[in-house]
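See structure below.
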Amino acid sequence: MKNDLDALLQDDLLRPPPDFTKRVMQGVQQLQQRPSLSATPAKPRSRFWNLLRWIATIAGLIGGGILGLSQIAGFVFALWLTATAI
């Protein structure tokens, strides 16, 4: 059994087909010839939606911060309670 394992480890596990490089390079050339989707001009966002997104981001950061601080406070309070009970 050990000989089978040694033979498997010495042999290449993956053998790509002979025309693998040619097919990959043809695929790359086809991708380069396609028009990209980012070439279309983007619509300018309205000021209202940018402001709303900014407010939502700030509210999320503040809410997450408060939640994180409450978790830290609970952990410290639990340590304090167990230390005083001993």
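The values are calculated or read from the model by the stated rules, or taken from the named source; none is laboratory data. Every value quoted in this text rests on a predicted model; they were computed, and no experiment measured them. Heavy atoms of the whole protein, side chains included, go into the accessibility calculation; ligands, DNA and RNA do not. Shrake-Rupley method; radii C 1.70, N 1.55, O 1.52, S 1.80 Å.
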- Item | Test for residue 14: is it open to solvent by 90 Å² or more (accessible area, probe 1.4 Å), at pLDDT 85 or above and hydrophobic (A, V, I, L, M, F, W, C) | no
- With (1) within 33 Å of the chain's Cα centre (by Cα); (2) at pLDDT below 90 as the list, and residue 55 as the residue in question, which single condition is left unmet? (2)
- Query: Just wondering, is there one or more residues in the stretch 29-46 that are open to solvent by less than 100 Å² (accessible area, probe 1.4 Å) and either of a type in the set (Asp, Glu) or modelled with pLDDT of 90 or more (or both)?
  - Reply: no
